[in-house]
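This report concerns only the one structure given below.
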Amino acid sequence: METGIYDDIVIGSGAGGSAAAYRLALAGRRVLLLEKGHELPRDGSTLDIGRVVHQGEFKSKEPWFDGNGRRFVPEEYFNLGGKTKWYGAALLRFGEHEFQADTGHQCLPWPIVYEDLAPYYDEVERLLGVRRFEIEPDLRGIVQGLQRRDPDWEARPLPMGLSEEILRHPDEARHFDGFASVLNMKSDAECSLLDRVRALPNLTILTGHHVQTLIGAEQKPARIAAVMDQNGRVFRARMVLLAAGALHSPRLLQRYFEAAGLARRLPGYRLIGRHLKLHLLTAMLAFSARRQNDLLRKTTLLLSRRFPHSSVQPLGFDGELIGTLLPGFLPRRFATALGQRAYGFFLQTEDGSSTDNRVIAAGGRVADSHPQLDFSDTRLPAARGEHKRLVHTLQRQLFGLGYLSFVKRIGLAGTAHACGTLVAGNDPSTSVVDANGRVHGLENLYVVDGSVLPRSSRENPALTIYAWALRVAQRLTTLEHDHEDTVTQRDTIRT
């Protein structure tokens, strides 16, 4: 079954897909946004700790294999707005130096520099209403105590995509980190971008459409003519933009290269799915004899020159939520009391790039229909070493302040910051996507999600994905406009 022809098809509605659809729709192009999942309910269930955390009601159930052939389920979300509905809303820019190579840490260079992305950072910060909140008393005491013991700690206000009204809604303020807002208190891709343009007649948003196949033009496999969903519906467009996420976009591209006979013709094929980056992540719960009363908590970023590829930010978890995360054998009353005396922290270190850390589409070397996620930090010794030192240092210093902390390393299933599987670069033999987001060797296929990021920074990648997608979409409309002007001028001369 075929539908009409669009100017652009955007596959996926997370940070990259929504930003690209927003910009393309504003330019007057006929845009089709296809999302695998559906819109989230507004009945309060997305703030329910039991349903969200313990039952995992809204997470993907798709099984994968790890590098050793063991089955697991990554913490992915398929819904309108993608992972941005569930993220912690920390929206930080990458540093200028984080667009450059760092060979000692196994970090690849970007094909662009910070200045190329700066105006799009500016724009998306306005669109998302990024703001900073005043540090609260309990956290202020912790930060000041750490700085007295270790002057290398630098505290910065944490830029957040949260409404300034959220402090008047305690239930939302306590449950925004890892939960989907009911009252649009969090600046996610749906409410901050798609809602601005969804009424435009040239934008079509279809949920519940899982794109499974890219279809090449007849006798011209370098051009994508259409996409097909799980029900066999075919959608045609002049341009196609992949925004399914770093775990899913490479699967679509790998299957297309193999089906279209491009695997041997284009050098970028061997890099599809490789250079997977997840950040090295550890959650830390620090318990004190004193009750912790901060509401928002996630207000301050900690950096240290001793750990140049790492950052520490508080978790936006209140005592009630922390209590439910404690071992189930503890009496609930005791667990709640403990949770009310705890502060949570999120420690992250930029992982380098290894071609052996990768995503493999179903049909790869694992003899099963499930895809594979092969990642090990043993391939990244510099990042692994720095992260261990960071964890041990913070634990020791917090103990000196009277906090007994326990840590849990975020495992392979923690894919919130996944990126790097279709890395951007200038050389088609060492990258998959060029500096404008176009897949090397293909005429009209662009990538606007986190899979293009050659580096993941020491901070959360969401803002950079938004900015990259705005830049790609803007340049796409400009290039198309310039091409149309050239054709018009040529026809005028001929006439």
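The values are calculated or read from the model by the stated rules, or taken from the named source; none is laboratory data. These figures come from a predicted structure and were not determined experimentally. Heads up, the Cβs are rebuilt from the backbone with ideal geometry, glycines too, and the neighbour counts pull from every protein chain shown.
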Item checked: Within the stretch 441-456, tally of residues that are assigned to a loop (DSSP other than H, G, I, E, B) and buried (at least 20 other Cβ atoms within 10 Å of the Cβ) -> 7
Notebook entry, point to check: Quick check: is even one residue across the stretch 298-309 assigned to a loop (DSSP other than H, G, I, E, B), closer than 17 Å to Ala173 by Cα, of a type outside the set (S, T, N, Q) and in the same structural domain as Asp150 (by TED's automatic domain parsing)?
Noted result: yes
Notebook entry, point to check: Is it the case that the stretch 201-222 has a residue that's surrounded by 20 or more Cβ atoms within 10 Å (Cβ to Cβ), touching a residue at least 60 places away in the same chain (Cβ under 8 Å), touching a helix residue (DSSP H, G or I) at 6+ places or on another chain (Cβ under 9 Å) and closer than 30 Å to Pro428 by Cβ?
Noted result: yes
Margin query: Can you tell me how many residues within the stretch 145-166 are part of a helix (DSSP H, G or I), touching a helix residue (DSSP H, G or I) at 6+ places or on another chain (Cβ under 9 Å) and closer than 10 Å to Phe133 by Cα?
Written below: 0
Check: Since Thr46 meets every condition but one in (1) at pLDDT 95 or above; (2) polar (S, T, N, Q); (3) in a loop (DSSP other than H, G, I, E, B), which condition does it not meet?
Finding: (3)
Notebook entry, point to check: Could you say whether any residue in the stretch 176-190 is at pLDDT 95 or above, part of a helix (DSSP H, G or I) and crowded, with 17+ Cβ neighbours inside 10 Å?
Noted result: yes
Note to self: Contact list please: Cβ distance under 6 Å, first residue in the stretch 148-174 and within 21 Å of Glu459 (Cα to Cα) and assigned by TED's automatic domain parsing to the domain that holds Phe317, second residue basic (Lys, Arg) and surrounded by fewer than 21 Cβ atoms within 10 Å (Cβ to Cβ), pairs at least six apart or on different chains.
What the structure shows: Asp152/Arg305; Asp152/Arg306; Pro157/Arg132; Pro159/Arg132
Check: Counting just the residues of the stretch 39-80 that are under 22 Å from Gly328 (Cα atoms) and exposed (fewer than 13 other Cβ atoms within 10 Å of the Cβ), which one comes out farthest from the chain's Cα centre (by Cα)?
Finding: Gly50
Note to self: Being assigned to a strand (DSSP E or B) and either modelled with pLDDT of 95 or more or assigned by TED's automatic domain parsing to the domain that holds Arg29 (or both) is the requirement here; does Gly245 meet it?
What the structure shows: no
